[in-house]
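The values are calculated or read from the model by the stated rules, or taken from the named source; none is laboratory data. Since the structure is predicted, the reported quantities are computational estimates derived from the model, not experimental observations. FYI the Cβ positions are ideal-geometry reconstructions off the backbone, even for glycines, and counts take in every protein chain you see.
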Amino acid sequence: MEAFAEGFACGQTGILFITIDDSDGNNVLGPTSADIITLEKERLEKKILELEQKPLEFFGSQQNKRVRIGYYEYRLQTLMADPDSYFKNPEPFEGNVPVPDKVPSN
């Protein structure tokens, strides 16, 4: 534990991959950056497809639908152009359509 205390200053953030030995003594490594990028790309593409398949009534208007889809297309383009910037600068998006689990109760 002391090695960890010496290696990390307070307040630092980032991704830490830990090497773990399996039962046979082989090192098991965490996901590579390429794996993380691939997973995020698949997540964004799935979200775009999901939104494209939703009926217009879900969004209220064609403009709202294009805004929502456009946001995820923009994030996908950002991911592919500069993955480091994408992960360092997350952009939360709420839009003007209530998320099903965040629908206000009246």
Requested in this report: Could you tell me whether the stretch 54-61 includes any residue that is under 30 Å from Ser33 (Cα atoms) and of a type in the set (A, V, I, L, M)?
Outcome: no
Query raised in the report: Looking at Glu42, Glu52, Glu73, Glu94, which one is under 15 Å from the mean Cα position of the chain (by Cα), exposed (fewer than 12 other Cβ atoms within 10 Å of the Cβ), among the acidic types (Asp, Glu) and modelled with pLDDT of 90 or more?
Result: Glu42
Requested in this report: State whether the residues of the stretch 13-20 include one that is modelled with pLDDT of 60 or more, in a loop (DSSP other than H, G, I, E, B), touching a strand residue (DSSP E or B) at 6+ places or on another chain (Cβ under 6 Å) and not polar (S, T, N, Q).
Outcome: no
